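Peer 1: Structure incoming, see below.
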């Protein structure tokens, strides 16, 4: 389950420099990890829990080993959950019942901070190294309640062999993208794969397209919506949804789009049954085990008819501290180690994810990651569309995207419903667009 990204415009260039090794480097590993640890070593036995939904074993093992240098008799209980259920209700229920883990990987630190469920992390050493643009979505009333382990973007991942065999160049505008889809379809290959049995894979298609359309046309869209000077049924989202509708109406998606899930989507792409997948950079890491090293994957953004694009970019899988933890100080120490700059590359390389703190250099295996890094440096980026909307509005937005893909037709009146939901629940917003 991959969702909820957010990043300010200036961060793309910063992470581009670091991910290509142009930052300060890893630095001294002992200093970076130990400078933020509390007190001295202790032999006290205790169990500390971490809840999450995606495993990065090499990194987790390294984190545990370093933690045991200070707490040799401690046990880290890594509690893995199914992503959609965990993020969309289970975690909130656990926090409300006082049954959540000591450290929670989550997507809503600011909301949990407002509710008093998670502790202030502002003074932890790695928080000072976090890119400034990432902090706004996870802060409430000036306090930071979560730091993401990775930053992500989305776009179009494509099979380079299929493109080469059909003589297709990387599309540089929307019309070229449509022409590429037509040529692929005519060759008897599915142009774009979706695995909508896992609903987020459908949602991310609409999010990626609408994000580029909306913020390329109006970078200040969210503030304008909040201030009442723009409307959901205006030209920005209308244009984005018409682009989604065009792809669906033209039959570019797999016929079994709503009966397969993410794993089957990856397998079909690995088997050459589809030419493209609109997804996040984590797709590269998730695909590694399914393809041969010779399988070449390319990346390009969704561009408008003039060749302009705005990338989704932002934090994902955010580390927060349970405010009611019986081991809060030990949890802080564990969090410091989780962001150790000598250990983070283990996580980021495996996940094909971008760093969220300065001074981390990653030697990626996938060539496509360099393409992503270069584009993040060259193109504007902003927090994911919906980052400043109430939950009800985002839910309706996702439903609208799924319905459009399923029906191959978009209902413009859905934008009026988005406006009504936004106006009704605007007062519940934790983060206000600036």
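Peer 1: State all residues of the stretch 375-413 that are more than 18 Å from the chain's Cα centre (by Cα) and not assigned by TED's automatic domain parsing to the domain that holds residue 217; if no residue qualifies, say none.
Peer 2: Within the stretch 375-413, just 378 meets the criteria.
Peer 1: Restricting to the stretch 86-103, name every residue that is over 20 Å from the mean Cα position of the chain (by Cα) and either at positive phi or part of a loop (DSSP other than H, G, I, E, B) (or both).
Peer 2: 97, 98, 99, 100, 101, 102
Peer 1: Consider residue 396 carefully, then state whether it is surrounded by fewer than 19 Cβ atoms within 10 Å (Cβ to Cβ) and part of a helix (DSSP H, G or I). Please lay out each step first, then the result.
Peer 2: Details: surrounded by fewer than 19 Cβ atoms within 10 Å (Cβ to Cβ): no; part of a helix (DSSP H, G or I): yes.
So residue 396 fails the test.
Peer 1: What do you reckon, is residue 10 within 30 Å of residue 388 (Cα to Cα), exposed (fewer than 13 other Cβ atoms within 10 Å of the Cβ) and either modelled with pLDDT under 85 or not assigned by TED's automatic domain parsing to the domain that holds residue 146 (or both)?
Peer 2: When the stated conditions are applied, residue 10 passes them.
Peer 1: Quick test for you: out of 278, 302, 260, pick the one residue that is in a loop (DSSP other than H, G, I, E, B) and under 17 Å from residue 189 (Cβ atoms). Can you show your working first?
Peer 2: Details: 278 fails: in a loop (DSSP other than H, G, I, E, B); 302 fails: under 17 Å from residue 189 (Cβ atoms).
Sole residue among the options that is in a loop (DSSP other than H, G, I, E, B) and under 17 Å from residue 189 (Cβ atoms): 260.
Peer 1: Related question: In the stretch 247-266, what count of residues is obtained for those that are surrounded by 16 or more Cβ atoms within 10 Å (Cβ to Cβ) and touching a residue at least 12 places away in the same chain (Cβ under 8 Å)?
Peer 2: Pass one, the stretch 247-266, residues surrounded by 16 or more Cβ atoms within 10 Å (Cβ to Cβ): 247-248, 252-254, 256-258, 260, 262, 264-266.
Subset that is touching a residue at least 12 places away in the same chain (Cβ under 8 Å): 247-248, 252-254, 257-258, 260, 262, 264-266.
Qualifying residue count, the stretch 247-266: 12.
Peer 1: Related question: Name the residues in the stretch 179-224 that are in contact with a helix residue (DSSP H, G or I) (Cβ under 7 Å, 6 or more places away or on another chain) and either farther than 24 Å from residue 270 by Cα or without any contact (Cβ under 8 Å) to a residue 24 or more places away in the chain (or both), would you?
Peer 2: Selection gives 210, 213, 214, 215, 217, 218, 221.
Peer 1: So, one more: Name the residue, out of 192, 209, 204, that is part of a strand (DSSP E or B), modelled with pLDDT of 95 or more and either within 21 Å of the chain's Cα centre (by Cα) or assigned by TED's automatic domain parsing to the domain that holds residue 295 (or both).
Peer 2: Working: 209 fails: part of a strand (DSSP E or B); 204 fails: part of a strand (DSSP E or B).
When all the criteria are applied, what remains is 192.
Peer 1: Which of the residues that make up the stretch 136-178 are without any contact (Cβ under 8 Å) to a residue 24 or more places away in the chain and not assigned by TED's automatic domain parsing to the domain that holds residue 107?
Peer 2: Selection gives 164, 165, 166, 167, 168, 169, 176.
Peer 1: All but one of (1) surrounded by 24 or more Cβ atoms within 10 Å (Cβ to Cβ); (2) part of a helix (DSSP H, G or I); (3) touching a helix residue (DSSP H, G or I) at 6+ places or on another chain (Cβ under 6 Å) hold for residue 372, so report the exception by its number.
Peer 2: Of (1) surrounded by 24 or more Cβ atoms within 10 Å (Cβ to Cβ); (2) part of a helix (DSSP H, G or I); (3) touching a helix residue (DSSP H, G or I) at 6+ places or on another chain (Cβ under 6 Å), only one is false for residue 372: (3).
Peer 1: Taking the condition part of a helix (DSSP H, G or I) and closer than 29 Å to residue 257 by Cα, does residue 405 pass?
Peer 2: In short, yes.
The values are calculated or read from the model by the stated rules, or taken from the named source; none is laboratory data. Bear in mind the structure is a predicted one, so any value in this text is a computation, not a measurement. Neighbour counts are summed over all protein chains in view; Cβ atoms, including those assigned to glycine, are modelled from backbone coordinates with ideal geometry.
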